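In what follows, a structure is listed as structure tokens, so that the remarks can point back to it.
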Amino acid sequence: MIIIMKPNASGEAISKVTKLIESRGLQAHLSHGDEVTIVGVVGDKTKLGGINFEVTEGVDRVVSVTESYKLVNKKFHPEDSVIPVGNTTIGPKTFTVMAGPCAVENREMLLASAETVKKAGATFLRGGAYKPRTSPYSFQGLEEEGLKYMKEARDATGLNIISEVTSLRALETAVKYVDMLQIGARNMQNFELLKEVGRSGVPVLLKRGLAATVEEWLNAAEYIISEGNPNIVLCERGIRTYERSTRNTLDLSAVLTVKAKSHLPIIVDPSHATGVRAYIEPLSKAAAAVGADGIMVEVHPCPSCAMSDGPQSLTFEQFETMMQHLKPYVELAGRA
Ligand code: PEP
Ligand code: MN
């Protein structure tokens with residue numbers, strides 16, 4: 001439920017409302033907008049029995065939130081969130097580019113990738129150290145050694161680093177190195193992992209599950225935020241449909257539905273969505289045009305030698321060219 005305060009409600013009136021809520025053992029979540037303050041209440045509403053907020057001083061009206069996700073709901077927080085990560089922020093005024101190899105394969109390829117993506121204008125280096133591979137016989141990642149190379153790349157370039165965690169064990173190690181954790185599509189509904197990521201407080205990129213609805217995805221984000229971590233960015237990376245001409249089907253309209261339902265930023269990953277190198281640039285432009293807050297793209301010094309996802313990885317040169325071509329689209333979208 002949300003309590004919408006009158007535009008001229010005093011600080012005292014707002015504080016009285018929050019105290020009333022807290023006196024019944026519930027938490028009040030405040031959202032101060034330009035015009036009005038909204039007080040959100042999560043939990044068992046029956047505990048508020050006997051309190052009539054509609055007649056409490058400074059209250060304009062009370063609206064019940066029917067969706068099962070509350071704290072990530074736009075009704076709780078009508079303004080778009082800006083998420084601080086490392087030395088930057090992700091949100092509605094910027095277009096964040098995260099780029100790098102699918103997996104950290106060795107020190108040299110990672111450092112070379114970092115230099116290149118930094119020079120071309122990316123602010124994040126991606127690189128998997130724990131790889132969720134379809135086959136147990138495929139390369140599983142360098143684990144902590146990979147994270148050490150990621151940290152070295154950050155120290156050398158100033159890029160923020162993001163890497164996926166696939167288990168509680170990986171999480172314990174990764175929090176010592178990364179600026180941002182990634183929860184991959186396969187773990188979007190690993191609720192124990194989501195809760196631990198929530199408790200870690202480290203910013204997190206939450207990818208959409210392979211066959212998840214937007215509602216399921218936002219509920220997954222609610223698991224993280226309800227454990228006290230509001231620093232969540234969503235990532236649309238394609239969903240499994242009957243269409244097999246691309247690896248997945250990029251659901252660009254999800255950018256719009258997420259923005260209508262939630263205040264969290266959302267970026268687009270055209271690499272895993274399509275699996276096709278030639279489609280990355282046009283879909284990155286489309287992501288900017290539709291209002292996404294950024295992209296995540298795979299780049300590799302030698303895509304044909306890559307240990308994973310070579311066919312969808314851009315060469316260094318292709319990435320540099322794409323970043324040039326993307327500029328006017330980002331500007332047209334009113335972002336920097
Ligand atoms: C990845 O980004 O490395 C990855 C495995 O992506 P996804 O979880 O979207 O498949
Ligand atoms: Mn990949």
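The values are calculated or read from the model by the stated rules, or taken from the named source; none is laboratory data. Everything numeric in this text was worked out from a predicted model, so none of it was measured. Neighbour counts are summed over all protein chains in view; Cβ atoms, including those assigned to glycine, are modelled from backbone coordinates with ideal geometry. Only protein heavy atoms, including side chains, enter the accessible area calculation; ligands, DNA and RNA are left aside. Shrake-Rupley method; radii C 1.70, N 1.55, O 1.52, S 1.80 Å.
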### Query
If you roll a 1.4 Å probe over the range 33-133 with all protein chains in place, what percent of the accessible area is carbon or sulfur?
49
## Note on the structure
Once normalised by the length of the range 189-319, the mean sequence separation of its alpha carbon contacts under 8 Å that are 6 or more apart gives a contact order in percent of 18
### Task
Have a look at the DSSP beta bridges in the range 83-332 and tell me what percent are antiparallel, nearest 5.
15
### Task
Please turn the phi angles of the range 42-55 into ³J(HN,Hα) values with the Karplus equation 6.51 cos²θ - 1.76 cosθ + 1.60 (θ = phi - 60°), one per residue in order, whole Hz, x for glycine and proline.
10, x, 6, 5, 5, 5, 8, x, x, 9, 10, 5, 4, 9
### Query
To the nearest µm²/s, what D does Stokes-Einstein give for the range 2-63 at 37 °C and 0.692 mPa s, using the Kirkwood radius over alpha carbon pairs as Rh?
286
### Summary
One finds the C-alpha centres of the range 169-202 and the range 267-336 to be spaced, in Å, by 25
### Query
Modelled label-to-label distance, Glu79 and Thr56, 7 Å Cα→beta-carbon offset: nm?
2.2
### Task
State which stretch of the chain is the longest one without any exposed GluC sites (Glu not before Pro), exposure meaning a DSSP loop state and at most 11 other Cβ atoms within 10 Å.
36-242
### Query
What is the spin-label model distance, in nm, from Glu317 to Arg199 if the labels are put 7 Å beyond Cα along the C-beta direction?
5.1
### Message
Sequence gap at least 6, Cα distance under 8 Å: using those rules, report the relative contact order of the chain to the nearest whole percent.
### Response
16
### Task
Go ahead and run the numbers for FRET between Tyr137 and Glu227, Cβ-Cβ distance against an R0 of 41 Å, rounding to 0.05.
0.70
### Query
When the Karplus curve 6.51 cos²θ - 1.76 cosθ + 1.60 is applied with θ = phi - 60°, which whole-Hz ³J(HN,Hα) does each residue of the range 315-322 get, with x for Gly and Pro?
6, 4, 5, 5, 5, 4, 5, 4
### Query
Given the options Thr213, Thr274, Thr249, which has the most mean-square fluctuation in a GNM of the chain, springs set between C-alpha atoms less than 10 angstrom apart?
Thr213
### Message
Run the reach check for Lys261 against lysines, Cα to Cα strictly under 17 Å, same-chain hits fewer than 8 apart removed. What comes back?
### Response
Lys70, Lys74, Lys75, Lys207
### Query
How high is the FRET efficiency between Lys19 and Asn87 when r is their beta carbon distance and R₀ equals 51 Å, given to the nearest 0.05?
0.85
### Query
When the convex hull of the Cα atoms of the range 202-265 is projected onto a plane and the area is averaged over all directions, what value comes out in nm²?
4.3
### Query
How many Å³ per residue does the convex hull of the Cα positions in the chain occupy?
136
### Task
Divide by every residue of the chain the summed helix terms, -39500 (n - 2.57) for each DSSP H run of at least 4, and state the resulting mean residue ellipticity at 222 nm, rounded to the nearest 500 deg cm²/dmol.
-10000 deg cm²/dmol
### Query
For Lys45 and Glu108, what is the calculated FRET efficiency with R₀ set at 45 Å and r taken between the beta-carbons, to the nearest 0.05?
0.20
### Query
Under a 1.4 angstrom probe, counting protein chains only, how are His300, His325 ranked by accessible area, largest first?
His325, His300
### Query
Could you give the distance between the Cα centres of the range 211-260 and the range 1-50, to the whole Å?
29
### Query
Among Lys151/Lys285; Lys45/Lys259; Lys118/Lys327, which pairs are too far apart, with a Cα-Cα distance over 19 Å?
Lys151/Lys285; Lys45/Lys259
### Task
Tell me the label-point distance for the pair Thr173, His325, using the 7 Å Cα-to-Cβ offset, in nm and rounded to one decimal.
3.8
